[in-house]
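Participant: Here it is, the structure, as structure tokens.
Please treat every number below as a calculation from the coordinates, not as lab data. Keep in mind it's a predicted model, so treat the numbers as computed, not measured. Counting neighbours? That spans all protein chains shown, and the Cβs are built from the backbone with ideal geometry, glycine included.
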Amino acid sequence: MENDGHEATIDTVPLLSRVRIVLIETSHPGNIGAAARAMKTMGLSRLDLVNPREFPSAAATARASGADDVLMRARRHDRLETAIADCGMVVGTTARSRHLEWPVGTPRALASELSMLPSDTRCAIVFGREQSGLSNEELAWCQRVIRIPTDEQFSSLNLAQAVQICSYELRLAALGERASAPVDDEPFATTEEVANGIAHLMRVMAQVGFYNPSRPKLLPIRLQRLLHRSDLKRSEVRILRGFCTAIDESLIPPET
Ligand code: SAH
């Protein structure tokens, strides 16, 4: 899409239309409304809600202050996986400065990275519960984790304020988005494609006796983290699955 960086509007900024905001198990419906308002002011429109405690709700509509269309189009899900199934880039947010398994970036660096991704790669930014944030299982779906660099001693922002800051950074990045397409425009594999690849790998690992499904331990989640961290392209998932299929076939005893 043509974009000289000066006349960018919501209609001509593709980054904003391919990023969705995902809120997990939000307790206070007012936060959902305030998040919708935060999004709309920055030109974002796609909101996905995983098991909100109360929605739709008058409190959400009141706090949306006119961003009712974002609320009306919000999609509900029972599980995070379905909210991100078609995304090729999933980003978790955290108020904590240290997560053992993940390098934690800033919203600014992330927004700039997202603006360089192949234009058909859909992105999700995932926000956690007001009380407890995101679980480790949820973080394992994420290819990146970002933290708004608040004071270490008092790091936790209100949910909707965190959405506001991240949306603002996305908007700034979108306004400066490159006019030309990225050099490597091969799409990232979607979460669903990677999840199917992991399931295939686990089946083969079980078949060859490397993994015992009745005693799963940490292997599945570690594998999930490894593969989600690897920014797999579609063709790379196909290589992985082709290899699994070859192992599968080599295990079938020859017909007599
Ligand atoms: N006690 C929780 C804080 C949850 S705040 C915890 O320790 O994780 C609710 C949500 O707001 C978080 O899950 C995250 O999505 C967002 N949030 C709050 N402060 C943030 C910060 N400094 N950086 C990034 N996201 C933040």
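Participant: So, counting K/R as plus one and D/E as minus one, what does the shell of residues with Cβ under 14 Å around PHE154 add up to?
Facilitator: On the way: positive: ARG96, ARG147; negative: ASP151, GLU152.
Around PHE154, the surrounding residues sum to 0.
Participant: What percent does the relative contact order of region 142-256 come to when contacts are Cα pairs within less than 8 Å and at least six residues apart?
Facilitator: 37 percent
Participant: Could you tell me what % of all Cα pairs in region 5-145 have separations over 25 Å?
Facilitator: 26 percent
Participant: So, R0 is 45 Å and r is the distance between the beta-carbons of ALA95 and GLU255; what FRET efficiency does that work out to, to 0.05?
Facilitator: Between ALA95 and GLU255 the formula returns 0.15.
Participant: Can I ask one more? For the chain, with equal point scatterers placed on the C-alpha atoms only and solvent neglected, what are the log10 I(q)/I(0) values from the Debye formula at q = 0.08, 0.12 1/Å, to two decimals?
Facilitator: Reported log10 I(q)/I(0), two decimals: -0.35, -0.74.
Participant: Could I ask something else about it? Give me the three principal axis extents of region 191-250 from the C-alpha atoms, as integers in angstrom, largest value leading.
Facilitator: 30, 27, 15
Participant: Please compute the net charge surrounding ALA246, taking Lys and Arg as +1 and Asp and Glu as -1 over other residues with Cβ under 14 Å from its Cβ.
Facilitator: On the way: positive: ARG203, ARG238, ARG241; negative: ASP248, GLU249.
Local charge sum for ALA246: +1.
Participant: Shifting gears a bit: Per 10 Å bin, what percent of the C-alpha pairs of region 149-256 does each bin hold, from zero upward?
Facilitator: Using 10 Å bins, I get a P(r) of 11, 25, 25, 21, 13, 3, 1, 0 for region 149-256.
Participant: Roughly speaking, what is the centre-to-centre gap between region 43-69 and region 239-254 when only Cα atoms are used, to the nearest Å?
Facilitator: Spelled out, the Cα-based centre of one part sits 47 Å from the other.
Participant: Let me ask you something else. How much of the DSSP beta bridge set in region 14-175 is antiparallel, as a percent to the nearest 5? Before the final figure, lay out the partial values.
Facilitator: Working: 1 of 23 bridges.
The answer is about 5 percent antiparallel.
Participant: Under the rule that an exposed site lies in a DSSP loop and has at most 12 other Cβ atoms within 10 Å, name the longest stretch of the chain with no GluC sites (Glu not before Pro) of that kind, not counting the sites themselves.
Facilitator: 8-151
Participant: Filter the trypsin sites (Lys or Arg not before Pro) in region 22-63 down to the DSSP loop ones having no more than 14 other Cβ atoms within 10 Å, then list what survives. Intermediate results must be reported in sequence, preceding the final value.
Facilitator: Working: sites: ARG37, LYS40, ARG46, ARG53, ARG63; in loops: ARG53.
Taking region 22-63 and a limit of 14 other Cβ atoms within 10 Å, the loop trypsin sites (Lys or Arg not before Pro) found are ARG53.
Participant: Could you give the DSSP H helices of the chain that reach 20 angstrom or more along their long axis (alpha carbon positions) and whose average Kyte-Doolittle hydropathy is no lower than 0.5? Numbers along the way, then the final one.
Facilitator: Numbers: long enough: 159-175 (24 Å, 0.97); 191-207 (24 Å, 0.18); 234-251 (26 Å, 0.07).
TM-like helix candidates: 159-175.
Participant: Okay, moving on. Report the convex hull volume per residue for region 83-144, counting only C-alpha atoms, in Å³.
Facilitator: 89 Å³
Participant: What does the highest-first list of 85-95, 197-207 look like by mean Cβ count within 10 Å? Before the final figure, lay out the partial values.
Facilitator: Details: 85-95: 22.3, 197-207: 16.8.
Final packing ranking: 85-95, 197-207.
Participant: List the chymotrypsin sites (Phe, Trp or Tyr not before Pro) within region 199-256 that DSSP assigns to loop and that have no more than 16 neighbouring Cβ atoms inside 10 Å.
Facilitator: For chymotrypsin sites (Phe, Trp or Tyr not before Pro) across region 199-256 that sit outside H, G, I, E and B with at most 16 neighbouring Cβ atoms in 10 Å, the list reads PHE210.
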